[in-house]
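Read-outs throughout are calculated quantities, based only on the coordinates presented, and are distinct from any laboratory measurement. Values in this document were obtained by computation on a predicted structure and should not be read as measured data. Counting neighbours? That spans all protein chains shown, and the Cβs are built from the backbone with ideal geometry, glycine included.
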Amino acid sequence: MSAKSNTLQAKDLISIGIFTAIYFVVFFAGMMLGYIPIFIPLLGFVCPILCGIPFMLYLTKVKKFGMVSLTGIILRFWCLTSLQAAWI
């Protein structure tokens with residue numbers, strides 16, 4: 001019997017990177033609707049629905065503690081470096 005490790009392995013880090021990239025692409029594509037003025041009020045409804053799909057798929061792959069936190073840290077760093085957090 002092998003002991004189950006609770007530390008993040010390379011496979012877990014690859015999953016974090018892939019799903020964070022998918023989330024970023026879907027979020028970016030959803031926010032492109034903002035360039036059409038009639039869709040600006042709908043962005044608050046459309047983007048969470050679009051981004052929720054890959055995030056729920058990601059949650060089915062989460063096996064260890066800290067994977068969702070690491071995804072949040074990566075997305076927060078992206079938000080801060082792309083000047084989208086000017087209002088935060």
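What about Ile16, is it touching a Ser or Thr at 6+ places or on another chain (Cβ under 9 Å) and of a type in the set (A, V, I, L, M, F, W, C)?
On the way: touching a Ser or Thr at 6+ places or on another chain (Cβ under 9 Å): yes; of a type in the set (A, V, I, L, M, F, W, C): yes.
It is true that Ile16 is touching a Ser or Thr at 6+ places or on another chain (Cβ under 9 Å) and of a type in the set (A, V, I, L, M, F, W, C).
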Quiz item: If you scan the stretch 48-74, which residues turn out to be outside any loop (DSSP other than H, G, I, E, B), among the aliphatic types (A, V, I, L, M) and within 18 Å of Thr7 (Cβ to Cβ)?
Solution: Met67, Val68, Leu70, Ile73
Practice problem: Give Phe28, Phe77, Phe45, Phe39 a once-over and let me know the one that is surrounded by 12 or more Cβ atoms within 10 Å (Cβ to Cβ), aromatic (Phe, Trp, Tyr) and in a helix (DSSP H, G or I). | Solution: Phe39
